[in-house]
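Take a look at the structure below.
Values in this text are rule-based calculations from the coordinates and carry no lab data. All values derive from a computational prediction rather than experimental measurement. Neighbour counts run over all protein chains shown; Cβ positions are idealised from the backbone, glycine included.
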């Protein structure tokens, strides 16, 4: 194998994050759906988590980033006498807080990652919102 023996790729980073979240205590019990790599089922109307890693450099030290997307169905609210669909901020926050707690105590040899940013995104075509959490990697 030589020089590539300890190099990580996007699939490796996906698998590491998947394992951390999937094997944690409490997260799968908290969400109504499941945890996926790359894509979730098109028809899902549940609370799902999707992990993807768009980029990991192939030079040492390696750097890259991953996304953890937390999907939550919108909720119907009555605002000024009219029913309207809005983000379920309470559930997004609860699930996000659990994901952060898992990541903060994770220890993976030779790998460091930080939570870089989060961005809420409307997926109005499926009546859901997602919270995109970006993870930065630094691989020694």
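Quick notes
- Within the range 99-113, the set of residues being exposed (fewer than 13 other Cβ atoms within 10 Å of the Cβ) and assigned to a strand (DSSP E or B) comprises 112 only.
- Selection of first residues in the range 43-58 that are in contact (Cβ under 8 Å) with a residue 24 or more places away in the chain and on the phi > 0 side of the Ramachandran plot and of second residues that are in a strand (DSSP E or B) and exposed (fewer than 13 other Cβ atoms within 10 Å of the Cβ), restricted to Cβ pairs under 7 Å at least 6 apart or on distinct chains, gives an empty result.
- Filtering the range 38-51 to residues that are crowded, with 17+ Cβ neighbours inside 10 Å and either in contact with a helix residue (DSSP H, G or I) (Cβ under 9 Å, 6 or more places away or on another chain) or part of a strand (DSSP E or B) (or both) leaves 44, 47, 48, 49, 50, 51.
- Selection from the range 69-98 of residues that are touching a helix residue (DSSP H, G or I) at 6+ places or on another chain (Cβ under 9 Å), in a strand (DSSP E or B) and either in contact (Cβ under 8 Å) with a residue 60 or more places away in the chain or loosely packed, with under 11 Cβ neighbours inside 10 Å (or both): 70
- Condition check for residue 135: over 22 Å from residue 29 (Cβ atoms) and surrounded by 13 or more Cβ atoms within 10 Å (Cβ to Cβ): yes
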